[in-house]
Amino acid sequence: MPARVTPEVAAQIPAPFEPGIADWDADKALRANRDYYSASVKAELELSDSLDLISTTSYQDYKQNNFRDTDGSALDVFSVRQIGSVKSIFQELRLVGNLLDGRAEFTIGGSYARDKTEEANTAFVVRTSSARGFLPFGIQPFAASLASDQQKITTKAIFGSVEFELTDEVSVIGGVRYTKYRNEFSGCTIDVDGNLAAGLTIIQGVIKSRMPNPTPVIPIARGTCITLDAVTANPGVHFATLAQDNISWRTGVNFKPSPSTLIYLTASKGYKSGSFPNINATSSLALRPVSQESVLAFEGGVKADVIRSTHIEASAFYYDYTDKQLRGRIIDPGGVLGALEALVNVPQSRAWGIEASVVTRPVDGLSLRASGLYLDTEVTKDFLNFDPFGVAANFRGNSYPFSPRWSFQASADYETAVSSELNMFAGASISSQSSSTSAFGGAPLVAIAGYEIVGARFGVANPDQGWRATVWVKNLFDKYYWTDTFRQVDNLSRHVGMGRSAGIELSYAF
C-alpha cells in the first residue's frame, strides 16, 4: 500500500465472500444511459444465371453517458463518468457467382468504412494516493482528471474467395483480403480543479531543466491539457496518425465421406487493427498507438451425426500471435514520470487447445448437451512489463489473462405431454471453469478462482398454440464467484457473479 494512502482508505474492511455484497459512493448518481440507432440496406442485382452483384450499406450511431463507481467501496477512491459516441458508415460491393457447372463458387469485392469516435472519461480520485502526489510541493490533492480524445478511422479493403469441388466428397477453399487502415487521433488529459495543472507545471519544469537546451516553462491553466509532449515537454493536445495495411488469407480442405459427416482442415492469417488508448496521460508517450495484432491459425476437426440422434463436433487448434494487444505500462525515458499506463504489444505468444461438444436425444423428449474446452496459452518470447502492483518482470512463459485451462458446460432437458394440449418440461444445466488470472505475473490478489454454476428450469407449454411458461433459477446453490479482479489505484476490486436468482418467463411464437 502506498505510504501516502489516506487513513480512510487504509481503514477499509474487506468485503465478505458472499454473493450480492457490493458497495459504492452514495454521493454519486450511478447511471447507464445508452442510445443506439442503426439502418442497413441490402440490394441484389442478378447479372446472369450464375452471377449476382450485392450491395450492403449500413449506418450506426451510438451515444453513452454512464457513471460507474468501480472501486468496490463507499469511499470516493475511483469512479468514472463516461461520455462518448461512435458514428459509423459502411459500404460493401461484391460479385458472387459460380463456374464449371456450379463446382466452383467465388466472391470478389471491396468495402469502405468510416468511423468517428469521441470519448470523454472523467476519473474521480480525490481520496487516492495518486491525488496526493504533489503534496510535497504544497499543492492540494486534485479531485479528478478528464481523458478526452477524438479518432477518425478509415478502412478500405478488397477481397476474393473461392470454393472448388474436386470430387463429390472433397472441396478446397481459399480466400485473400487486402486491408488498408488509417486512424487520425487527437487527445489529451484535462485538468479539472487547477491542482493537477499546478502539479504538472512543476513536473514540466523538472523535465525541461534536464534538457540540453531547456525552453521556458509554460504555465498550465485550469481546465486545459496537462499532457506533456514527449519531445518538447510542452503541454497540449497530442496529435498522431496510425496508418497500416495487411494481407489476410484463409485456405482449407473439406472432406465429406457421407452426407452427415464433415472432416476439415484450415489455415489462416488474420489481423486486428492497431489503436490508440483513452487513458489519463501525463506524457504523450502514454498515448502512442499499439501496432496491429496478427494471428496465424491452424484448425482441424470433425462434425458428424452418429447413432441414436447424436451429433458430435470435435476440433483441435493452434494460434500463433504476433504483437498481441493488452493494457500495460511503458517507462518514461526521462526518469521523471516513472511507469506510464499504456497499450502495449506482446511480441510473440501462442495458444492451442482441444474442444468438443455432443448433442444427443436418446429417447423421445430427452435432450442432453455437453461441451468442453482445454486451452493452453503462453508468452513465448521476452516481454518486459509490469504487474498491476508496479512490479517489473519478464512475463515470458506466462499464460494469458482470463484464460482458464478447462471449461465445461452441460445441460439436460426433458419434455413430455401431460394432456392433449399441454406439455410439461424440466431441465438443469451446469457450467464450470478452472482457475485463471486477470493479469500477467500471477499475483495471488488478481487470481480468479475456478467455479461451477448450476441452474434449473420447469414449465408448461402448448406446442399447437405456441406459448411457453417457464420458472427458472440461476446459480441454484448461491455460489460465490468472481469473473474479474483488478486494482483501482489504492483499492482491489472484484466483479462478483450474480447470486441465486429466480424468475418467470412467458413466450409466444407467432
For the chain, longest principal axis from Cα atoms; helix 195-209 axis from its Cα atoms; angle between them, nearest 10 degrees, is 70 degrees
Taking r as the C-beta separation of T310 and M424 and R0 as 41 Å, the FRET efficiency to the nearest 0.05 is 0.95
Check: C-alpha center segment 233-303 vs C-alpha center segment 348-392, spacing in Å is 19 Å
Among chymotrypsin sites (Phe, Trp or Tyr not before Pro) in segment 314-421, those in a DSSP loop whose Cβ has at most 15 other Cβ atoms within 10 Å are F389, F402
Pseudo-spin-label distance W24 to W406, built 7 Å along Cα→Cβ, given in nm, is 3.7 nm
Phi-derived 3J(HN,Hα) across segment 410-426 with the Karplus relation (6.51, -1.76, 1.60, θ = phi - 60°), rounded Hz, x for Gly and Pro, is 8, 8, 9, 9, 10, 9, 8, 6, 10, 7, 5, 10, 10, 10, 10, 9, 8
Candidate cut points under trypsin sites (Lys or Arg not before Pro) in segment 239-345, DSSP loop plus at most 11 other Cβ atoms within 10 Å of their own Cβ, are R308
For the chain, averaging the sequence separation of alpha carbon pairs under 8 Å that lie six or more residues apart and dividing by its residue count, the contact order in percent is 9 percent
Once both label points are put 7 Å beyond Cα along the C-beta direction, the K63-F164 separation in nm becomes 5.3 nm
So F458 and F510, fully extended at 0.36 nm per residue minus their Cα-Cα distance, gain in nm 16.5 nm
As straight-line cross-link partners of K156, the qualifying lysines (C-alpha separation under 23 Å, not fewer than 8 residues apart within one chain) are K42, K87, K116, K180, K269, K272, K324
Expressed in angstrom and rounded, the centroid-to-centroid distance over alpha carbons for segment 33-66 and segment 167-192 is 18 Å
Share (percent) of C-alpha pair distances in segment 377-493 greater than 23 Å works out to 53 percent
Note to self, the chain gives a 222 nm [θ] from helices alone (DSSP H runs n ≥ 4, -39500 (n - 2.57) apiece, / all residues, nearest 500) of -1000 deg cm²/dmol
Semi-axes in Å, largest first, for the chain (Cα gyration tensor, √(5λ)) are 47, 33, 23
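Each value in this text was obtained by applying a stated rule to the coordinates, not by laboratory testing. Every value quoted in this text rests on a predicted model; they were computed, and no experiment measured them. Positions of Cβ are generated from backbone atoms using ideal geometry, with glycine treated the same way; all protein chains shown enter the neighbour counts.
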